[in-house]
Amino acid sequence: MPLIFAFESLNVRMKKINKGDIPNRLAIFKHQNPDAKWEKGKNDIDEAFRCNRVRYNELQQALRTDQGNLCAYCEIDLIAGTNGKPDDCRVEHFHPKSKRELNEPNWALKWDNLFAVCCGGNNPEVSDSTFRYSADPKEYTCDVPKSNKVLDNLIVNPLSIPQDNCWKYIRSTGEVLPNEAKCQNLQIPIEVANRTISELNLNGKRIRDQRKSLFNDLTDRIGTYLEEGMSIPEAREHIARAILIKNNADDWPSFFTLIRFVLSAQAEEVIAGYDNI
């Protein structure tokens, strides 16, 4: 008989992105070229930010460090390419860099507007493409479906994620859904929570299947420890201490929030002393 745990009522915190200092090369370039573009157009003569690979790589690494090397949207790990393959990572502008109205900041170079995200499943060249690529555009996630839309006040900004979790996960499907009661308590309009999921396609089959697999693995591990005589809290704490930690590269595990959701209060106890959660 499968084990059944009541997850929806858990009160856990969702991981926030804590921005560090603006990278040195971005700061210098922005000071010297306040209206510069991100990329050079065919007929442009002025230097753009991405013209310099060292400058771009420094920025991307700073973002990855701030985020514990997790995608700002779906929380999959941002892996480096191997054997000539590209990274499953790129820089995302939350407010589209090309959508600049009069008296607005230069979104292309605004530090708080920049995040590291995965390739959203649309790059067949990345490593581990079996899980990170799909030929079906309906499975693309994150910045791919978001595209060039201005969604500033219509979806949850990664810098504005509330401390209390406003999401719930469904084991049988791997879906992420808004926790309506929590959204109401946190004054997050339910339409904003729902639109965050839909605009980023966070319930696309590719990413949903990966969350489902992890959810099942965690639940099975809890069940194994119960059979060995542990209580549910003891089992959750044991697992949390084993996996809910940064690795030697200072990276958090993929689907960080899902893990915290499943491991509940014991996850919070384990990471309570960590910085930048």
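Values as computed for the structure displayed
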| quantity | calculated |
| --- | --- |
| Unmet criterion (only one of (1) within 23 Å of residue 157 (Cα to Cα); (2) surrounded by 14 or more Cβ atoms within 10 Å (Cβ to Cβ); (3) among the hydrophobic types (A, V, I, L, M, F, W, C)) for residue 36 | (1) |
| Scope segment 170-207; condition surrounded by 15 or more Cβ atoms within 10 Å (Cβ to Cβ), in contact with a strand residue (DSSP E or B) (Cβ under 8 Å, 6 or more places away or on another chain) and not aliphatic (A, V, I, L, M); matching residues | 175, 178, 179, 182, 194, 203 |
| Per-region count, segment 59-114, residues without any contact (Cβ under 8 Å) to a residue 40 or more places away in the chain and touching a helix residue (DSSP H, G or I) at 6+ places or on another chain (Cβ under 9 Å) | 8 |
| Which numbered condition residue 37 misses (of (1) part of a loop (DSSP other than H, G, I, E, B); (2) of a type in the set (Lys, Arg); (3) farther than 20 Å from residue 143 by Cα; (4) at pLDDT 95 or above) | (3) |
| Residue in segment 230-238 that is assigned to a loop (DSSP other than H, G, I, E, B), touching a His at 6+ places or on another chain (Cβ under 9 Å) and not acidic (Asp, Glu) present | yes |
| Qualifying residue in segment 25-46 (condition: among the β-branched types (Val, Ile, Thr) and in contact with a Phe, Trp or Tyr (Cβ under 7 Å, 6 or more places away or on another chain)) | no |
| Residue ranges of strands (runs of 3 or more DSSP E) in segment 91-197 with at least 3 members at pLDDT 95 or above | 114-117 |
| Options 52, 18; residue that is of a type outside the set (Gly, Ala, Ser) and over 21 Å from residue 252 (Cβ atoms) | 52 |
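The values are calculated or read from the model by the stated rules, or taken from the named source; none is laboratory data. What you are looking at is a predicted structure, and each value in this text was computed from that prediction instead of being measured. Cβ sites come from the backbone with ideal geometry, for glycine too, and all protein chains shown count toward neighbours.
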